[in-house]
Each structure stands twice: as C-alpha cells, then as structure tokens.
1. Within 23 Å of the chain's Cα centre (by Cα), more than 16 Å from P5 (Cα to Cα), among the small types (G, A, S) and open to solvent by less than 30 Å² (accessible area, probe 1.4 Å): is that true of S215 in this structure?
2. Of everything in the stretch 358-379 that's small (G, A, S) and in a helix (DSSP H, G or I), which residue is farthest from P239 (Cα to Cα)?
3. Does L74 satisfy the condition of being in contact with a His (Cβ under 7 Å, 6 or more places away or on another chain), surrounded by 24 or more Cβ atoms within 10 Å (Cβ to Cβ) and either part of a helix (DSSP H, G or I) or at pLDDT 95 or above (or both)?
4. With over 21 Å from the mean Cα position of the chain (by Cα), among the basic types (K, R) and farther than 16 Å from A331 by Cβ as the only criterion, which of R270, R234 stands out?
5. Report the residue count in the stretch 265-279 for those that are open to solvent by 80 Å² or more (accessible area, probe 1.4 Å) and among the hydrophobic types (A, V, I, L, M, F, W, C).
6. Hey, among the residues in the stretch 359-379 that are in contact with a strand residue (DSSP E or B) (Cβ under 9 Å, 6 or more places away or on another chain) and at pLDDT 95 or above, which one's most open to solvent (accessible area, probe 1.4 Å)?
7. Output the residues belonging to the stretch 168-214 that are part of a loop (DSSP other than H, G, I, E, B) and either among the hydroxyl-bearing types (S, T, Y) or closer than 30 Å to V366 by Cβ (or both).
8. If I go through the stretch 222-239 residue by residue, how many of them are within 20 Å of E137 (Cα to Cα) and surrounded by 16 or more Cβ atoms within 10 Å (Cβ to Cβ)?
Amino acid sequence: MSDEPAWTIGIEEEYLLVEPESGELITEQPSGILEKVADLHHGLVAREFFSSQLEIGTGICTDFKHLRADIGLLRLAVTEAAADYGIAPIAASSHPFARSHLQQVTEGERYQALADDLQGVTRGLVISGLHVHVGIEDPDLRIDLMNQISYFLPHLLALSTSSPFWEGRDTGLKSYRMAVFRTLPRTGLPEKFDSWAEYRRHVDILVQAGVIEDSTKVWWDIRPSERYPTLEMRITDLPTRMEDTVCVAALYVCLLRMLWRLKLENRRWRSYANFLVSENLWRAERYGISDRLIDFGKGEMVPLPDLVEEMIELVRPDAEALDCVAQVEHARTICQRGTSADRQLAVYREALDEGATDDEALNAVVQALIADTLAPPQT
C-alpha cells in the first residue's frame, strides 16, 4: 500500500526527581544534570515546568525494538546522571506525598510566562505524563484519525494509571493527574473538525488575538503536533514500568492503523459525542482497570479486561503488520497484575498492615517506584 503512513513513533516521558533515602521530591534541580544525561545518551532531554522534573524524548523510531531500546537507554542515562548528584528518577504521574506549593518553577522565559499567565493553577502541576507521537504525513488524515481515535482514549488511560496519591493522601482515583491537569485551559477532548484547514482556522483565531503563540499551548488529550507531522496522544499517565509504556504506544499506533484500514474500505469508526466519551474518561480516571467502561455500541457496561481482549483482536492485523503483537498483548499482563497505581496502593496498604506509620508507608511507595522505574522486563 504505497500511500500508507509511516507510523513512525516517538515518545516523551516526564520524570520526577527524588532523594532516595527520604523519598522527598527535590526542590532544586542540580546544575549540569541535563548535560550529563545528554552525554550518556544522545536522546532528547529537557527541563520541565518545575525544577523537580525533567523530560526525555526518544528519537524517531521505525519499530518497537528500537523504541524499547531508546526508552531503556534514556531511563538508564537519567538514573546514572541523577545518581552522581545523590538523587533518583521516578516514572509516575504524581509524587505520593510532595507538597506542590514548595516546588520551584524552572527558570526561563517560557515557564515564567506560563506561571504569570495561569497564576495559582500552575502551582498544582507537579504531575508527569506520557506523550506518544505517531508519524502521519497527510494533515487531513491526522485530523480524521484524531476525530475517531478519541473513542479509545479512556481505554489507554485506564491501562496507564500511575497517580493515586496527592500530597500525602490516597485520592480514591487511579489517575489524580487528570483532575489536576483539567484545571488548565484548552484541555480535554478535542473538537471534531472536518479538515486540517478548519482546525488551523480555529487555532489561528487564538494566535492572531495574541492569546497563544502557537498550538503548543493547546493541551488537548490528543492533538496534531505543532513541530512534527505527527498525531500526539497526551491522555495517558506515565507508566512506571518500561514495558507498559511500550504497550500503550503499540496499542495507540495499532488503533490508528486500524482506523486507517477502515478508511481504505470506505468505512469509519462510529462517532460519539464528547459528552459520552468523557464519561468513560472519568471512569478510567476513577477506577483504572479495576471496573468497567461503557460500550456505547452495546449500550452497557463491560469490564475493562474484556474490552482489552476485544481491542487486541481488533488490531491484530495491524500489530502483525507493525511487528508488535507481543507488545500489544502485554495489555493482558497489565490487566492481570495491575497498573502502577494498583501497585502503589498495594505497597502502601501492605506497609500499613505491617505496622508502618503513614509517612513510612508513603516512603515505601517511593522506594517501589524507584525500583520499578528501571526494572527489567518481566518474563
């Protein structure tokens, strides 16, 4: 199929930096750590909004072995560089007990301008995410697939959840990051657009009015990238284990390819209002994989593992074409053993049951996150 998109993949992960013994989130990033990471591995590394965070980006990957190797090397580089300063990274979308008001905004015009624009809202943004870019050269196809893929975003969020704690308390949500992020403007599910030109017209109204410089300030759950010919998925929490990150990325690209296949056959995924998809997003945010999502076609609630099985079969031809069947099928393992959020809660409750204080139990969660961030793939 000569007109098939490239389906190249690039991933961005945002890590929190902690003091290994106390588990505390650092407040000031050591000078030179970014340069040290870059020296260890020639991937992308950048500052984030708070000094306690940094972001890595893989290269443009053409297959999932390459992607997994890139993520592994970058995580190792960050871990080794951080160790030189007596700190450690954790891959999770929230810190179990850090106080957001103590965090320092990173120096630099962009971050200072954001803090000035958004005021108190920014103080809570001590959260980290996973962003997955997929190469789709045709801009109109990017918009068409963005309209359709929104249906599956709750499923991907449920599989990625890693933020059950906030400022020292169990929030009762598997992805509290979502509740925090939704306080920002220009977030949530994107509008449905008929074409790339229509999308650009809407964004350009805000640009011409001086509200935003460009579409990088449109923080939808999925969006066309401003810088690359990619469709960027931003809904997910950051999985703590590398193989979970690769699984989420594989499912995302295979779902896009499945929708493209339907388009070749003059078919498309049925469109549902954001009102309905948002209900499933809330359920994924609240319960992760431990409850049900709504199957709108059936008009009934279905357990997440059953929906995952359907999704695996739906994209099997695409997983075979992209040589990522094992990565897609790893979603079953996530459903069986739980997400990072499930593990964090289990570690916390087990520590309390063994007589730990609340502070000690929360620190035990951080210790588990440090270990799991660089854990080898499970066999």
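The values are calculated or read from the model by the stated rules, or taken from the named source; none is laboratory data. What you see is a predicted model, and the numbers here were worked out from it, not measured in a lab. When we count neighbours, we look across all protein chains shown, and the Cβ atoms used for this are built from the backbone with ideal geometry, even at glycine. To get the accessible areas, we keep the full protein, side chains included, count just its heavy atoms, and leave off ligands, DNA and RNA. Shrake-Rupley method; radii C 1.70, N 1.55, O 1.52, S 1.80 Å.
1. Values: within 23 Å of the chain's Cα centre (by Cα): yes; more than 16 Å from P5 (Cα to Cα): yes; among the small types (G, A, S): yes; open to solvent by less than 30 Å² (accessible area, probe 1.4 Å): yes.
Considered against the rule, which asks whether it is within 23 Å of the chain's Cα centre (by Cα), more than 16 Å from P5 (Cα to Cα), among the small types (G, A, S) and open to solvent by less than 30 Å² (accessible area, probe 1.4 Å), S215 comes out as yes.
2. Within the stretch 358-379, the subset small (G, A, S) is 361, 364, 368, 371, 375.
Now narrow it down to the ones that are in a helix (DSSP H, G or I): 361, 364, 368, 371.
Details: A361: 21, A364: 18, A368: 13, A371: 13 Å.
Ranking the qualifying residues of the stretch 358-379, first place goes to A361.
3. Values: in contact with a His (Cβ under 7 Å, 6 or more places away or on another chain): yes; surrounded by 24 or more Cβ atoms within 10 Å (Cβ to Cβ): yes; either part of a helix (DSSP H, G or I) or at pLDDT 95 or above (or both): yes.
It is true that L74 is in contact with a His (Cβ under 7 Å, 6 or more places away or on another chain), surrounded by 24 or more Cβ atoms within 10 Å (Cβ to Cβ) and either part of a helix (DSSP H, G or I) or at pLDDT 95 or above (or both).
4. Values: R234 fails: over 21 Å from the mean Cα position of the chain (by Cα).
Answer to the check: R270.
5. Of the stretch 265-279, the ones open to solvent by 80 Å² or more (accessible area, probe 1.4 Å) are 265-268, 270, 275, 279.
Remaining after also requiring among the hydrophobic types (A, V, I, L, M, F, W, C): 275.
Going through the stretch 265-279 one residue at a time, the tally reaches 1.
6. In the first step, residues of the stretch 359-379 are kept if they are in contact with a strand residue (DSSP E or B) (Cβ under 9 Å, 6 or more places away or on another chain); the result is 362, 365-366, 369-370, 372-374.
This time we only want the ones that are at pLDDT 95 or above, so: 362, 365-366, 369-370, 372-373.
On the way: L362: 4, V365: 1, V366: 0, L369: 4, I370: 42, D372: 15, T373: 3 Å².
Looking at residues that are in contact with a strand residue (DSSP E or B) (Cβ under 9 Å, 6 or more places away or on another chain) and at pLDDT 95 or above, I get I370.
7. Residues of the stretch 168-214 part of a loop (DSSP other than H, G, I, E, B): 168, 171-174, 182-186, 189-195, 209-214.
Of everything in the stretch 168-214, those that are part of a loop (DSSP other than H, G, I, E, B) and either among the hydroxyl-bearing types (S, T, Y) or closer than 30 Å to V366 by Cβ (or both) turn out to be G168, T171, G172, L173, K174, R182, T183, L184, S195.
8. Looking only at the stretch 222-239, we keep the residues that are within 20 Å of E137 (Cα to Cα), and these are 222-234.
The next check asks that each one be surrounded by 16 or more Cβ atoms within 10 Å (Cβ to Cβ); those that pass are 222-225, 229-234.
Count: 10.
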